[in-house]
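Chemist: Here you go, one structure.
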Amino acid sequence: MAATDRDYYELLGVPRDADETTIKKSFRRLARELHPDVSDHPEAEARFRELTEAYEVLSSSERRALYDRYGHAGLRSGGFSPTHFDMGNLGDLFASLFGDGIFGASAGGPARQRGADLGAEIEIELAEAARGVTVTVPFEVAATCKTCGGDGVQPGTEPVTCRRCEGSGRLHQVSRSVFGEFVRAQTCPDCRGRGVIIEHPCRDCEGAGRTIEARELNVDVPAGIHDGQRIRVTGEGHAGTLGGRAGDVYVLVHVKPDSRFVREGNDIYSQVDLTIVQAALGASVDVETLDGAVALDLPAGVQPGEVRVLRGKGMPVLQGFGRGDHRVLINVTVPRQLSEEQRRLLQEFEEASDESTYRTDESFFEKLKSAFR
Ligand SMILES: [Zn+2]
Ligand SMILES: [Zn+2]
């Protein structure tokens, strides 16, 4: 049953003497506007049906002549009934109408496909993660064949139109039921949707349109990256088929642990070991940081477990501003092997000490607080 009794020329917005190209162009333009992915017009589907019907009639010289002479009635008596389709199957419809998708890859036949994504792994030092680094990653990728340009056809030869699907790449199975007529489109098995048969496949790629190429990818690892994060490099993956978009490369980044530091988010932790004498008398010690050694002045009486915070000396914030902190944990090492003389001196020291030697102005609670500051 026809979807409309409106004038087909009017529907397509073309004059009565419009040529084939004008009609096709106009249909493409109007169809695109009504595509459900683009349009939220509530009557888009109904209007689309009208439009398709108009196009089906005017794009066929036979039907067009019948319509020109006898109008809708002429078509009906001529046995014309417009294609039935459901909106979920628009890609198929466009493919059958145009031979390929008018919406690019999304509506294209199965022959045009986006290339697959690729995975790669790199390992970097913590210091490299701190300042950012460019790493060259070798990998193998399916690239568009240079000999045939990706169509798989040996240069100098021509593919022939597939006889089974007559070049549409699709087979339409029409079934009738009490609900009407259903058309199911399926990919043509002979040409796998390409619409052509390649009798002379490209010798370099054996008709695949792609060859394996060794490549190197320079991956910019941003400062502040964390272990286990992935970087996506767009469009450097496997080539698509028949002009499909290339896939992406996902680079998994391992950040090697650095024996000097422990990383916790954007903060860096390290430890300094003081002798009991350094701790008691105070000392200036060199502390390794991501930026190199930093002198840290510790007062007399510094205690094990105290933490000194070097502000902004930690890891940079990934894709942000500023840096984390570097926290230095104070450790005091107690002598393990004493000579006779050292033992005697320590005993003397002990005898000369009393409670006041170890007194602190800071409560235990305050000390704990400072550890977590
Ligand atoms: Zn080739
Ligand atoms: Zn075919």
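Since every read-out is calculated from the coordinates, none of them should be taken as a lab result. Worth saying up front: this structure is predicted, and the values here are computed from it rather than measured. Cβ: placed from backbone, ideal geometry, glycine included. Neighbour counts: every protein chain shown.
Chemist: Taking 1 over the mean of 1/r across every pair of different Cα atoms in the stretch 8-82, what Kirkwood radius in Å do you get?
Modeler: 12.7 Å
Chemist: If you don't mind, another one. To the nearest 0.05, what FRET efficiency results for residue 336 and residue 131 with a Förster distance of 45 Å applied to their C-beta separation?
Modeler: In this case the efficiency is close to 0.70.
Chemist: Please report the net charge: other residues with Cβ closer than 12 Å to the Cβ of residue 161, K and R +1, D and E -1.
Modeler: After counting each charged neighbour, the total is -1.
Chemist: Okay, moving on. For the pair residue 295/residue 275, report the inter-label distance in nm, with labels modelled 7 Å from Cα in the Cβ direction.
Modeler: 2.0 nm
Chemist: Report the FRET efficiency, 1/(1 + (r/R0)^6), for residue 259 and residue 10, where r is their Cβ-Cβ distance and R0 is 56 Å, rounded to 0.05.
Modeler: 0.10
Chemist: Want the number for residue 192 to residue 29: 0.36 nm per residue separation, take away the alpha-carbon distance, what's left?
Modeler: Contour length minus the Cα-Cα distance gives 55.9 nm.
Chemist: Also, I was wondering about something else. Provide the packing ranking of 144-157, 49-62, i.e. peptides ordered by the mean count of other C-beta atoms within 10 Å per residue, highest first.
Modeler: Answer by packing, highest mean first, reads 49-62, 144-157.
Chemist: Now for a separate question. Counting only residues 5 or more places away or on other chains, whose amide H sits under 5 Å from the amide H of residue 120 once H atoms are built in the peptide plane?
Modeler: Hits under the 5 Å cutoff: 250, 251, 252.
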